[in-house]
Amino acid sequence: MKEEEKQGGDISEKVEKLLNEKPKKKKGKKKWIFLGLLLLFVLFILKNLLFPGKATGMLVNTESLSKADIQEKLSVSGPVSGTQSQHVTSALHAKVKEILVKEGDKVTEGQLIAKLDTKDVEEALEAAKTQVDLAKANKEDAQKNTKAEYAKVQTAYNNALLDFQRKSSLLESGDISQSEYEQAESALKDAKASLGSFKVSGGNVQVSESYDLQIKSAEEGLKKAQSAVDSAEIKAPISGTITRVNVEAGQFADNLQDGKPMFTVENLDQLELSISVSEYSIGKLSLGQKAIISADILGDEKLEGEVSSISPTGEAKGGNTAERVIPIKIKIDGDKKGLLSGITAKADIVLSEAKNVFVVPLSAVTTGEDGNSQIYFVEDGKIHIIPVKTGVESDVSVEVSPLKEDAAFKEGAHFVSAPDPSLTEGLVVSEMPKDSTGESVSASESGVVVKTN
């Protein structure tokens with residue numbers, strides 16, 4: 001410092017001498033220009049001597065190493081719905097006579113919620129009953145006729161048998177000719193064949209199976225007709241809340257606009273999110289993983305949930321992409337706080353988490369020549385590179401720990417938040433000053449002079 005003061009004094013004397021010396025006319029203007037430049041140079045030197053900078057080296061922005069909790073999340077969104085949801089439809093071509101519920105009404109399984117006009121189906125039911133009765137009557141008539149016919153054939157057979165037996169005896173005694181015997185034998189065969197054409201079971205002659213088929217067909221028609229009458233009463237398929245009423249009195253139940261169901265019933269006591277997850281992320285998910293639910297309707301409130309279902313198959317994402325997506329469901333737990341079915345909500349699924357660990361910005365971690373992750377620390381004004389192992393990673397931060405023990409890796413140590421590739425081990429650096437809020441300020445604002453050689 002004394003040497004610098006001595007040099008400054010010598011320069012000041014030279015400047016004073018030059019200023020007191022009278023200019024020669026021959027050099028004139030050029031000399032004054034030279035003196036002005038020299039004066040500026042001297043003033044610059046004096047400023048650096050009298051007011052030296054606060055630090056030297058490359059200027060770097062640093063942060064203090066600290067511990068925190070960190071989570072790796074997958075953000076997805078989808079519609080909210082009840083865990084049970086049933087559409088109520090009708091295949092009956094009948095007009096809606098009466099609607100007994102409105103949207104928001106709670107219903108129990110089997111509860112009557114609408115009635116259809118039954119005039120046509122009741123007429124069809126009566127016609128079906130008539131067909132059954134007619135089919136049964138036809139069978140009874142056939143049984144009577146067949147029984148009577150069977151009795152005639154049985155009598156003819158018995159007579160033919162007696163005649164054959166008598167003529168067999170007469171043939172042996174030579175009282176009849178061979179041709180008469182053969183005629184009796186042929187008549188017996190014909191009578192036996194006629195008797196064999198009847199089906200007898202348990203001593204009772206049976207009619208053709210076609211009569212039973214006619215009865216069966218008529219009874220099936222009756223069941224359908226009865227079902228049509230029953231279906232004119234529209235009932236809730238599950239217990240829950242009526243969330244949609246798409247029908248009005250007077251409309252045909254089987255022909256609603258846009259093919260919509262008559263009603264939608266949902267169990268809103270338990271809500272869930274239906275989400276499609278990219279095939280590139282599905283491997284990180286598992287049943288039971290926690291999720292944080294948010295939605296515009298909730299404001300700043302958050303709900304908790306968990307992954308309750310993962311489809312075993314993927315499906316097309318749609319659009320001009322070959323990417324596949326996998327449907328999953330997230331069950332929403334606890335008080336729903338006004339969350340509504342049908343709205344879109346967002347879920348942050350917690351893939352992994354760590355508590356009370358060292359956390360740094362992602363920008364602070366670089367890859368060394370050996371392939372290891374590393375962080376640039378500032379120790380005694382110089383760069384010290386520490387290889388690290390990374391852990392849980394969020395969108396902006398990452399968990400870190402030293403690959404091997406290093407005294408410089410400790411809470412409160414300063415590290416470079418976004419290191420320049422030119423930084424090397426042992427390089428002299430200056431830390432960017434901070435204001436009262438902890439924000440970095442520029443070198444000019446702080447009065448720092450940075451030397452680069």
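The numbers here are math on the coordinates, done by the rules we state, and not lab data. Predicted model, so just to flag it, every value in this text is computed and none were measured. We place every Cβ from the backbone using ideal geometry, glycine too, and count neighbours over all the protein chains shown.
Quick look at the numbers
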| read-out | value |
| --- | --- |
| Restraint check, Lys129/Lys199; Lys129/Lys216; Lys139/Lys216; Lys67/Lys355, Cα-Cα greater than 19 Å | Lys129/Lys199 |
| Contact order relative to length of region 120-230, as percent, for alpha carbon pairs under 8 angstrom and 6 or more apart | 50 |
| Net +/- balance of residues flanking Ala316 in space, Cβ distance below 12 Å, scoring K and R +1, D and E -1 | -1 |
| Efficiency of FRET between Glu185 and Lys136 - r from beta-carbon atoms, R0 30 angstrom, step 0.05 | 0.10 |
| Charge context of Pro361, other residues only, Cβ under 13 angstrom, K/R +1, D/E -1 | -4 |
| Whether region 248-287 is rounded, prolate or oblate, judged on the alpha carbon gyration tensor where a/c under 1.5 counts as rounded | oblate |
| Label-point gap, in nm, between Ser278 and Ile99 - each point 7 angstrom along Cα→Cβ | 4.3 |
| Table column - 3J(HN,Hα) (Hz), region 270-284, Karplus curve with 6.51, -1.76, 1.60, x for Gly and Pro | 10, 9, 8, 9, 9, 9, 10, 10, 4, 4, 7, 10, 4, x, 8 |
| In region 331-387, the trypsin sites (Lys or Arg not before Pro) that fall in loop regions by DSSP, at most 15 other Cβ within 10 Å | Lys337 |
| Cα centroid separation - region 298-374 against region 151-223, whole Å | 86 |
| Protection-proxy order for peptides 395-401, 135-141, each taking the mean of Cβ atoms within 10 Å per residue, highest first | 395-401, 135-141 |
| Integer Hz, Karplus 6.51/-1.76/1.60 couplings in order for region 223-237, x for Gly and Pro | 4, 5, 5, 5, 4, 5, 5, 5, 6, 6, 9, 8, 10, 5, x |
| Amide H within-cut-off set for Val398, under 5 Å, with H built and near neighbours excluded | Val360, Leu362 |
| At R0 = 45 Å, FRET efficiency that the Cβ-Cβ distance of Ser422 and Lys317 yields, to 0.05 | 0.55 |
| All aspartates and glutamates inside 14 Å of Lys317 as judged from Cα atoms, apart from same-chain residues fewer than 8 positions distant | Glu279 |
| Fully extended contour minus Cα-Cα distance, from Glu172 to Asp296, at 0.36 nm per residue | 33.2 nm |
| FRET E, pair Lys152, Gln226, Förster distance 41 Å, beta-carbon r, rounded to 0.05 | 0.45 |
